[in-house]
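Q: Got a structure here, written out as structure tokens. Questions coming.
The values are calculated or read from the model by the stated rules, or taken from the named source; none is laboratory data. What you see is a predicted model; the values in this text were computed from it and never measured. FYI the Cβ positions are ideal-geometry reconstructions off the backbone, even for glycines, and counts take in every protein chain you see. Quick note on the areas: whole protein, heavy atoms, side chains included, nothing else; ligands and nucleic acids left out. Shrake-Rupley method; radii C 1.70, N 1.55, O 1.52, S 1.80 Å.
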Amino acid sequence: DFALNLIKKFDINDQRAFFLECGFTTKSINELCYPTSESASSFINGLVNYAKSLGVNFILETTFLDYQNINNNLKVMTTPKLNNDFFDKLIITTGGKSSPKMGSDGNVFNILLKHQYSISNLYPGLAPIYTNESTSEVNGLRVKCKTTWLKNNQFLYSESGEVLFKDKGLSG
């Protein structure tokens, strides 16, 4: 809801101007805005570079272990240990449980609970769904639809929006 409300405050022209400031052009597909390249990496790289230009420091390829607030300075514990482990602000982007091989295995939720954060129900989002059926014939096709996730014929989750077919399933 937070992101959706933020997006609604800016019309498409405001969004396109911001993305251009981030270093990439956009185009519309089915009333949605995409990088001209149609590559998520263009979007990610643009936002990361923009954030870096504002002084944001990204810490990648580390395991977040915990943090402490010491006199309004945040001491961050990671593996491997950081050269400078004190920060004035901390944004934790966990990836939920979407990709254990890449580090988003859900372990950070225990750390957040320890610091009195509440964790809402988790749902898959922006993670691919692999199918048993071959989807290679429709690879690259984008359609608006409703997807429903069933397991053993039991309803688990449903969402409406745009789906991008990939070689081995769905994305988007």
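Q: Which of the peptides 69-81, 144-156 is most tightly packed, and how do the rest follow, going by the mean number of other Cβ atoms within 10 Å of each residue?
A: On the way: 69-81: 11.3, 144-156: 9.4.
Packing order, densest peptide first, comes out as 69-81, 144-156.
Q: Please compute the Kirkwood hydrodynamic radius of the chain from all pairs of different C-alpha atoms, in Å with one decimal.
A: 19.3 Å
Q: Can I ask one more? Sorting check: for 61-68, 15-22, which peptide has the highest mean count of neighbouring beta carbons within 10 Å, and how do the rest follow?
A: Details: 61-68: 13.1, 15-22: 14.8.
Highest mean packing first, the order is 15-22, 61-68.
Q: Under 21 Å Cα-Cα from LYS27, which lysines qualify once same-chain neighbours fewer than 8 residues away are excluded?
A: Within the straight-line cut-off, LYS27 pairs with LYS8, LYS9, LYS144, LYS166.
Q: Sticking with this structure for a sec: Among the aspartates and glutamates, which have Cα under 19 Å from the Cα of LYS101 when same-chain residues fewer than 8 positions away are ignored?
A: The qualifying aspartates and glutamates are GLU61.
Q: Further question: Sort 131-139, 108-116 for me by packing, meaning the mean count of neighbouring Cβ atoms within 10 Å per residue, highest on top.
A: Values: 131-139: 10.3, 108-116: 12.3.
Most protected by this proxy first, the peptides run 108-116, 131-139.
Q: Follow-up question, since we're still on this one. Can you work out D for region 26-128 in µm² s⁻¹ from Stokes-Einstein, where Rh is the Kirkwood radius over C-alpha pairs, the temperature is 20 °C and the viscosity is 1.002 mPa s?
A: Values: Rh = 16.3 Å.
Answer from the Stokes-Einstein relation: 132 µm²/s.
Q: Over the chain, what is the relative contact order in whole percent, taking alpha-carbon pairs under 8 Å and six or more residues apart? Numbers along the way, then the final one.
A: Numbers: 188 pairs, mean separation 18.6, N = 172.
For the chain, the relative contact order is 11 percent.
Q: Taking all protein chains in place and a 1.4 Å probe, what share, in percent, of the accessible surface of region 42-172 do carbon and sulfur account for?
A: Numbers: 5410 of 10380 Å².
On region 42-172, the fraction of accessible area on carbon and sulfur atoms equals 52 percent.
Q: Further question on the same structure: Roughly what would the spin-label model give for ALA17 and GLU162, points 7 Å off Cα along C-beta, in nm?
A: Label-label distance for ALA17 and GLU162, simple model: 2.3 nm.
Q: Let me understand region 108-172 better: what is its radius of gyration from the alpha carbons, and its Dmax, in angstrom?
A: Rg then Dmax for region 108-172, in Å: 15.6, 48.
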